[in-house]
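What follows draws every value from the coordinates through simple rules; no lab data is involved. The model shown is predicted, which means the values in this text are computed figures rather than measured ones. Virtual Cβ from ideal backbone geometry, glycine too; neighbours counted across all protein chains shown.
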C-alpha cells in the first residue's frame, strides 16, 4: 500500500455504552484500536478501563494496543511540562513519541487503526493537537470518527477549529 493511501482514524470514547462504541468502530471499518490515553482508566465510564475495553474489543474482533506511554497527552516527565501543563512541542520531540508514531504508521499498513482517547470532540483532544500533525507530516491521511458516526477528514476538522464550531 502506498504511504499516501495509509489512513489513521481517531475516536473519543466519550460517554458511549460499549455497544455503541464498537458500532462506531465497525461503521468505520476499524480493525485495531491504539489507546493513546496517558491513564487507560475511566472512573465515570468503567467500560473504558483498559482490561474491560480490551476484552470488549476482542469480542468484537478488534485488536487493542496501549500507546499512552508514548503518545498520551499527560506526560509523566516533569521536564515536558510548562507551568504544570503539557508542552506538546517538547513531547513531540522525544524519542518515545517518535517511536509511538512509528508504531502507528507501521500498524496502519496492516490494520485499519483508530487512535482512541476520551474526549468526544477531536478539537478538544491531544489526538488532534499533538498526535495528528506528525502523521500528516508523514503523508498519512487522518480522519476523525465523530460521536454521530460521521467520519470527518482532518482538514475539515481543522476548518471547524478556525471557525470556532464544534460537532
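Some notes on this structure:
- Beta bridges per DSSP with both ends in the chain, % antiparallel, nearest 5: 20 percent
- Per-pair calculated FRET efficiency, R0 = 25 Å: residue 98 and residue 63 via Cβ, rounded to 0.05: 0.65
- Computed lengthening from residue 90 to residue 110, 0.36 nm per intervening residue step minus Cα-Cα distance: 4.2 nm
- Net length gained if the chain between residue 55 and residue 161 were fully extended (0.36 nm per residue, minus Cα distance): 34.7 nm
- Spin-label model, residue 39/residue 23: points 7 Å from Cα along the beta carbon direction are separated by 3.1 nm.
- When the alpha carbon coordinates of the range 78-157 are projected onto the principal axes, the ranges are 37, 26, 20 Å, largest first.
- One Cα centroid belongs to the range 64-83, the other to the range 103-167; the line between them spans 18 Å.
- Over the residues of the chain, the helix contribution to mean residue ellipticity at 222 nm works out to -9500 deg cm²/dmol, using -39500 (n - 2.57) for each DSSP H run of at least 4.
- Cα shape, the range 11-66, gyration tensor, a/c 1.5 rule: prolate
- Structure-derived semi-axes √(5λ) of the Cα gyration tensor in Å - corresponding label in [x] 25, 21, 16; [y] 22, 19, 17; [z] 29, 21, 13: [y]
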